[in-house]
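Okay, so here's the structure we're looking at.
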Amino acid sequence: MSVLVPTSLADALQALAEHPDATVLAGGTDLMVELNGGHRRATSVVVVNRVPELCTWRHDPITQTLRLGAGVTYGQIERDPIASLVPGLAEAARTVGSPQIRHAATIGGNVGTCSPAGDGLPVLSALNAEVELVSAEGIRSVPFASFMVGPKRTLREPGELITAITVPVVDGWQGYAKVGVRNAMVIATASASLVADARRGTVAIALGSVGPTILRCPEAEAYAMQHANFSERSLAADVVSHCCELVRLASRPIDDHRSTAAYRRHAVGVLAGRLLRRAFPND
Amino acid sequence: MTDTALPTDVRPGRLGHSTLRPDGVAKVQGTFQFSGDLTADGVLWGATLRSPHPYARILRIDVSGAWKINGVEAVITAADVPGVMTYGLIDQDQPVFASDVVRFVGEPIAAVAANHPDACRRALDAIVVEYEVLEPLTDPEKAVDGSFEPIHPLGNVFRQQRIVRGDQTIEGPIVVEGTYELGMQDQAFLGLEAALAVPDAGGTGVELHVATQWLHEDRKQIAACLGMADEKVRLVLGGVGGAFGAREDISLQVHTCLLALRTSRPVRMAYSRHESFLGHVHRHPCRIFMRHHADHDGRLRRVEARFVFDGGAYASTSSAVLVNGITHAQGPYKCENATVDGWAVRTNNLPCGAMRGFGVVQACFAHEAQMDKLAVAVGLDPLEVRLRNAMETGDRLITGQVVESVAPVQRLIRELAAMPLPGEPVGGHDRDPMRLPGGAGRTADVGNVRRGIGWAVSIKNLMYSEGFDDYSTARVRLADGVATVKFATAEVGQGFVTLAGQIARSVLGVDNVVLDQIDTQVGSAGSTSASRQTWMSGGAVDGACRLVRERMFERVALLHGVDPLGLVIEGTEVVDTVSGLRVEVSEASAGIEFDETFEHHHRPTEDLDEFGQGNCHTAFAFAAHRAVVDVDPELGLVKVVQVATVQDIGRALNPLSITGQIEGGIAQGVGLAVMEEIIQVNGHVKNASFTDYLLPTFLDMPDVVIGLVEEPEPQAPLGAKGVGEPPTVSSTPAVVAAIRDAIGKDLTRVPVRPTDIVFG
Amino acid sequence: MTEPGNLIYTLHVNGQSSDVRDAWIGESLLYVLRERLGLMGSKGACEQGECGSCSVLVDGELVCSCLVLAAGAVGQQITTIEGVAPAGAPSDVQQAFVDAGAVQCGFCTPGLIMATHSLLERSPEPTEYEIREELSGNICRCTGYGRIIEAVQRVAVARRGAQ
């Protein structure tokens, strides 16, 4: 029964090794809600927001990748210099909770909680992000798509710590759009991210809040890639419409108190269409 | 931004001046003590065990587990209530603790006191309650038609009331009709329910510091449940973090006192947000059918309506809300003939009672949608059809009551039409995505958005109705130029504490006013609700000050050999208009204390008869709203861009306070229009948190443009009408009308949901 | 099961070290500030980070103290409403809130004062929409926000004039 505040990665890993059932607390914006509400009682807590290795980020211009330490906050991501490297993730960051939440909430925490409504997650999915996990035993890297296995369920093992998220710095357009009933500070009813990689000629579309995990839309992506002109940034209107339909079909929404399955299915189609048009403004 | 003109020629601190709040500095510094900030040596925390079922029979309650938790000092249930087992504002039908049946999710069953909130939580977890779960009554129509067995010994109908007036045979020639629905809105004040109870030595009495709207009514109900005389229960107003109707009913008051008396120690209770959603009354969900018969020129001939208010599990003020709703069915329009029927019924949904607008919000949403339909049906502009029907002083309501209040409805509409529209196009000149529907979610581009404009006008009664004498009391003392004002008026944020000082300074010619503690050591002030405190408690303070002034004038007259009738106050002096004698008030009150108490009563009102006829209301205020919205029809998202309003206020006693009431009231109206609803499924609450019950943020609140119509109200002691409720009443229908205008759909329900816009 | 009351740690609040004793493990910073250190100015209205009433600065960043694990905030510099100005002398932001009519019930006010100071530190001349976005985590139920925006703008103008 303890609260440990390690100040190095080694100490953090040792703490987790000694308390494999300990709760990892990063920004606190998910865990504290559960503690305050009495839905969960803390036993041992390892606080990782003071581990310097987790709070740094690095842009590698050679590999064109961005490695974000798990402790990087959404407040950092929504602003330059990170924002211009991953503008889609920055757009998502700007919709996370409130400014207060973004100052505390970390990308590692978002990935660790792995709610289907997590705002950063569709962008990470569309970017084919890699999740880096470290334990006393060693290090491994898992594609985000396989890391998330269900609502708030991941491949993270006890004793493992999410240490970094690595994403490519893409030459092309990327963006995020999120439907919520309020104009700020709202959980996504439905969301979508689109990444158009001009160099590789790929289009990736990922959906949030319309399935048990973040969903990709392989059919829609393939259809868009096939018809898109990346140099002219053009895509025919009927192709956009068809992609929207394929996106709707890819969604697996449910009814709940926030909205209906029918609306969510409809909404992700609309969002995909608008994101495609932002990526490919020309008909 | 608001461009309310502030008067410049008024002496600071006096009536008409935008005097600043006396508690403002303490509030910005965080030193103002809210009820949840109060503590005492040796204090315990209290907490409440609540029903998880909307309707169930209690088979067994076993509290023995709670006693085993370290730190627990008391565990109480219905068996520990020494006095009356039930309470309520009108009918005492709500148990202090449920003992045989629970009738809504969140109904209290037991309470504990312990040395730490988490010990309380564990103790609650350790109490075992066995239930026989019953099928809940959640459809109010089943209460109306009698098809559901009574869920309470007093039956499933709180009240049915008809209004039948004039020629019942009138039909057409123009007929418009519709069925309208409002969801359950929560007051969502920020300062959660909290109280500190301190028992007297020997347990013969108790002092309760609590955030409430009406100290004396609380005391009456608490004392009855404690089995004590009223004077053994002393209430002191704890700092109140907003109210909006939700603190008119008892919540934790009795529980806190019982725990304190049981443990002989001070006890604090403080609700969580989740608990607050379950633990206070809400705005009634309502279903309204309305049919208007009109001439081809748009003049109303007859209104037909049927209202069903879902009052939830216990009566609270449902019967009064019902009467408010049905008696305002005609809106601020002339109409001679009416056929209205209304029910307020009991269900196993959350109990409902007072919220800003009190039944009139529901009526206004329906009648304003109808006026827009009528405008279309007769080919008139929505403003023109309202102008043609606009009520005037001297007109009769459908209850037969003559509207004696100032009724500047035409003027409100004309001045509203002249208010400036938003200066910027969709998305604004700076193209900030935050300005578009969807805001931070960046869902829309400018091309996806349509703009709409909508209008609504309202009439709202002021003060209590149907024979209730909701008087207010004030005591004023003047000595050495310092006035001390005492009242039991609950300051909930509205600013009566500011106004009381302004009145005293104006009437008595003093600069220095001390406000005494707000408690039950003076007569009742009535409730801080029904837009009534400026009129009622303002009248009481004014009356007490006038009595003090009279005695001071008598003294000056005696000392200086002048006629007291020639004396007036100018600045800080007593001035003889005959001789020119001038005496400073500080001198006139030197070495003596004038001490006067005054009760202000409004004129008597009557019950409605079986046909809904009678002078049941005291006075009326009017308001008009225009909303401009941007809508993304494909996603169903809305951005309210601007709300303009012109309001009938009688007289602006404090323009800055009025601006605050109007802007704040509009925020709650906008919230109901586009996002606020407690969602219940088969009696279970799905969104009892600020994560899912959404309130407007800075990015949801439109610009507000305000115009004030000042035609002093002859009946009102200070010429001023209450201003709190009208902004909430007609802003909601204006916003919905604007959304209809943008998308061309017949939206009949609030809050308007994205699905209504997309699939409706 | 947690053993209650066994934690002892030190927090740095408003420039002072404060020992916290007998604390329970899950206590939020908001709870500890109010109930253990007697700093009642920070308010709790949701305990979910959805209202901003409990806003404080932790190492200079505006956060919701209800979402900070108190025992995890050791070694960090915490500033509360009690620390933004010397006792008895309101800051320019505080005074502007009073003067502009930005206060009604006042429950959200301490959090908004913290958020406004933080905003104006980063962005001395915010646009109206910047104010709206930066303060969007602070819910006010009384005012409709109009007078608050006015107050923030007054401070920005006054500070510019003072330069």
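Structure notes:
- Residues that are in a strand (DSSP E or B), within 19 Å of B:Phe598 (Cα to Cα) and in contact with a helix residue (DSSP H, G or I) (Cβ under 9 Å, 6 or more places away or on another chain), drawn from the stretch B:461-483: B:Ser472, B:Thr473, B:Ala474, B:Arg475, B:Val476, B:Arg477, B:Leu478, B:Val482, B:Ala483
- No other residue among B:Ala444, B:Ala440 is within 14 Å of chain A (Cβ to nearest Cβ), touching a residue at least 12 places away in the same chain (Cβ under 8 Å), within 30 Å of A:Arg278 (Cα to Cα) and assigned to a helix (DSSP H, G or I) apart from B:Ala440.
- Here is the figure for the stretch A:88-103: residues that are in contact with a strand residue (DSSP E or B) (Cβ under 6 Å, 6 or more places away or on another chain), under 17 Å from C:Leu135 (Cβ atoms) and open to solvent by 10 Å² or more (accessible area, probe 1.4 Å) total 1.
- Scanning the stretch B:231-246 for residues that are touching an Asp or Glu at 6+ places or on another chain (Cβ under 9 Å) and away from chain C (no Cβ under 11 Å) turns up B:Lys232, B:Val233, B:Arg234, B:Leu235, B:Val236, B:Leu237, B:Gly238.
- Condition met for B:Gly36 (in contact (Cβ under 8 Å) with a residue 24 or more places away in the chain, in a helix (DSSP H, G or I) and within 26 Å of the chain's Cα centre (by Cα)): yes
- For the stretch A:69-87, taking the residues that are away from chain C (no Cβ under 14 Å) and in a loop (DSSP other than H, G, I, E, B), the one that is surrounded by the most Cβ atoms within 10 Å (Cβ to Cβ) is identified as A:Ala70.
- None of B:Ala456, B:Ala500 is part of a strand (DSSP E or B) and surrounded by 24 or more Cβ atoms within 10 Å (Cβ to Cβ) except B:Ala456.
- Residue within the stretch B:60-67 that is modelled with pLDDT of 95 or more and either within 14 Å of chain C (Cβ to nearest Cβ) or touching a helix residue (DSSP H, G or I) at 6+ places or on another chain (Cβ under 6 Å) (or both) present: yes
- Subset tally (residues that are open to solvent by 10 Å² or more (accessible area, probe 1.4 Å), assigned to a loop (DSSP other than H, G, I, E, B) and within 29 Å of B:Leu192 (Cα to Cα)) for the stretch B:701-724: 2
- Leading residue by the ranking (surrounded by the most Cβ atoms within 10 Å (Cβ to Cβ)) among those in the stretch B:218-241 that are within 15 Å of B:Ser527 (Cα to Cα) and without any contact (Cβ under 8 Å) to a residue 60 or more places away in the chain: B:Asp218
- Residue check, B:Ala490 surrounded by 24 or more Cβ atoms within 10 Å (Cβ to Cβ), more than 14 Å from chain C (Cβ to nearest Cβ) and under 27 Å from B:Phe32 (Cβ atoms): no
- Flag for B:Glu610 being of a type outside the set (A, V, I, L, M), over 28 Å from B:Val497 (Cβ atoms) and under 22 Å from the mean Cα position of the chain (by Cα): no
- Residues that are within 7 Å of another protein chain (Cβ to nearest Cβ) and under 14 Å from the mean Cα position of the chain (by Cα) number at least 2 in the following helices (runs of 4 or more DSSP H) confined to the stretch C:80-154: C:109-122.
- Single unsatisfied condition, C:Glu125 versus (1) free of Cβ contacts under 8 Å to residues at least 24 places away in the same chain; (2) open to solvent by 40 Å² or more (accessible area, probe 1.4 Å): (1)
- Search result, residues across the stretch B:459-487 that are open to solvent by 10 Å² or more (accessible area, probe 1.4 Å), without any contact (Cβ under 8 Å) to a residue 60 or more places away in the chain and closer than 18 Å to B:Ser524 by Cβ: B:Lys486
- Matching residues, the stretch A:38-68, being touching a helix residue (DSSP H, G or I) at 6+ places or on another chain (Cβ under 7 Å), surrounded by fewer than 20 Cβ atoms within 10 Å (Cβ to Cβ) and either in contact (Cβ under 8 Å) with a residue 40 or more places away in the chain or within 8 Å of another protein chain (Cβ to nearest Cβ) (or both): A:Gly38, A:Glu53, A:His59
- Hey, A:Pro20 more than 29 Å from A:Leu127 (Cα to Cα), outside any strand (DSSP E or B), of a type outside the set (A, V, I, L, M) and open to solvent by 20 Å² or more (accessible area, probe 1.4 Å) or not: yes
- Strands (runs of 3 or more DSSP E) wholly inside the stretch B:532-609 that include at least 3 residues being touching a residue at least 60 places away in the same chain (Cβ under 8 Å) and open to solvent by less than 50 Å² (accessible area, probe 1.4 Å): B:594-600
- All of B:Ala79, B:Ala47 fail the test of being more than 14 Å from chain C (Cβ to nearest Cβ), closer than 27 Å to B:Ala113 by Cα and buried (at least 16 other Cβ atoms within 10 Å of the Cβ), apart from B:Ala47.
- Residues that are crowded, with 24+ Cβ neighbours inside 10 Å and hydrophobic (A, V, I, L, M, F, W, C), drawn from the stretch A:115-132: A:Leu121, A:Val123, A:Leu124, A:Ala126, A:Leu127, A:Ala129, A:Val131
- Scanning the stretch C:106-119 turns up at least one residue that is crowded, with 24+ Cβ neighbours inside 10 Å and on the phi > 0 side of the Ramachandran plot.
- Of residues in the stretch B:730-748 being in a loop (DSSP other than H, G, I, E, B) and in contact with a strand residue (DSSP E or B) (Cβ under 8 Å, 6 or more places away or on another chain), the one farthest from B:Asp632 (Cα to Cα): B:Thr748
- Residue list for the stretch C:28-45, filter: facing chain B (nearest Cβ under 8 Å) and open to solvent by less than 10 Å² (accessible area, probe 1.4 Å): C:Gly41, C:Ser42, C:Lys43, C:Ala45
- Qualifying positions in the stretch C:85-111 - within 24 Å of C:His12 (Cβ to Cβ) and in contact with a strand residue (DSSP E or B) (Cβ under 9 Å, 6 or more places away or on another chain): C:Pro110, C:Gly111
- Residue among A:Ala222, A:Ala188, A:Ala136 that is farther than 21 Å from A:Asp256 by Cα and either under 14 Å from the mean Cα position of the chain (by Cα) or without any contact (Cβ under 8 Å) to a residue 40 or more places away in the chain (or both): A:Ala222
- Filter result (more than 10 Å from chain C (Cβ to nearest Cβ), within 18 Å of B:Val670 (Cα to Cα) and small (Gly, Ala, Ser)) within the stretch B:177-197: B:Gly183
- Failed condition for B:Lys486, given (1) part of a loop (DSSP other than H, G, I, E, B); (2) under 20 Å from B:Val210 (Cα atoms); (3) not β-branched (Val, Ile, Thr): (1)
The values are calculated or read from the model by the stated rules, or taken from the named source; none is laboratory data. What you see is a predicted model; the values in this text were computed from it and never measured. Ideal geometry is used to build each Cβ from the backbone, glycine not excepted, and the neighbour counts take in all protein chains shown. Accessible surface is based on the protein model in full, side chains and every heavy atom, while ligands, DNA and RNA are left aside. Shrake-Rupley method; radii C 1.70, N 1.55, O 1.52, S 1.80 Å.
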